[in-house]
Amino acid sequence: MEFIGFLIAIAIANQALKGYKLSKEKTLLYLNVSFVLIGAGLLVDGLASLIVLLAGARRGFLYPFAVGYSINFLAQLIAYGLLVYAYIHQARALSGPALMAATPLLFFERNAVTELILIFLLVYIATQTGINYSINKSTNSMLVFGAFVSLSIAHVFFLIFTVAPIFFPFAHIAQLFGFLLLLAMLLRVNQPT
Amino acid sequence: MIPVKQAEPTKATAKYRSQFRIYVDIMSVIQRENNQAKPTRILYGANLSHDRLVRYLEELKTLGVIQETGTDDKIYGLTQKGIEFMNNFRRVESFASAFGFKI
């Protein structure tokens, strides 16, 4: 599921980059960087999970899980933070140092604090996209709104998963559904005119 | 791709159109006029002064996205490159708009 999410995130990033090259609009560059980071995080997390599942799960070799999750968390934190920034300051210049992420000194397992941070950022983005949908009522806006709502729900499930493991598959399904909605939007945008 | 300069507002309250946006506005007016737009229509449609309109039309002609099609009166139309640019722009605009971003 992470790999499908990775491919869709990269497709979105590519479309945003095309838009940036055409218009030089910085918000599209932020969108591009955000989705590259989201895609990279998903890829690393997916690969880490794969390594654990294939190589070491039976021997209790779970360290890659923590590394994968930590990288995925940081990537998502920066990505969603950047999107929030883009919504707040739509056309202003961005100060680079503010976005530089500290190198993680410790790797951590999925936990309630990190999930709460991501939920906070995602709910903000979902609200913004919801407002956008309420204004222009287009199907594409609805798909983007639905995607961020779904990603928010996924992280709520990831949060609940920290106490109730049964929610883990639901979280992944909600995450995948969110990316599929973004894919649907992308396909609609690129329909031949 | 059309090379553009980004216009920066000088005051917090001022919101200037970028050169790119002005190009798009001019080309949108031409498209709206069935690819046969007189300068007056473009001037009003794109909300430009005469001097700036003349300058931007020359720039767009140099870029090869519009052409003069009239013989007696000046009439402007989009070239194939201009039509392709507008199609790409509509896609990008639709994509950005889905996220709530204006370009």
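What to note about this one:
- A:Tyr20 being touching a Leu at 6+ places or on another chain (Cβ under 7 Å) and surrounded by 21 or more Cβ atoms within 10 Å (Cβ to Cβ): yes
- Every residue from the range B:63-101 that is more than 7 Å from every other protein chain (Cβ to nearest Cβ), of a type outside the set (A, V, I, L, M, F, W, C) and not in a helix (DSSP H, G or I): B:Gly64, B:Gln67, B:Glu68, B:Thr69, B:Gly70, B:Thr71, B:Asp72, B:Asp73, B:Lys74, B:Tyr76, B:Gly77, B:Thr79
- Identity of the residue in the range B:45-62, in a loop (DSSP other than H, G, I, E, B) and loosely packed, with under 14 Cβ neighbours inside 10 Å, that ends up farthest from the other protein chains (Cβ to nearest Cβ): B:Ser49
- Taken over the range A:23-39, the criterion of being facing another protein chain (nearest Cβ under 7 Å) and surrounded by 21 or more Cβ atoms within 10 Å (Cβ to Cβ) is satisfied by A:Ser23, A:Glu25, A:Thr27, A:Leu28, A:Leu31.
Read-outs throughout are calculated quantities, based only on the coordinates presented, and are distinct from any laboratory measurement. Keep in mind it's a predicted model, so treat the numbers as computed, not measured. Because the Cβ atoms are built from the backbone with ideal geometry, glycine has one as well, and the counts that use them run over all protein chains shown.
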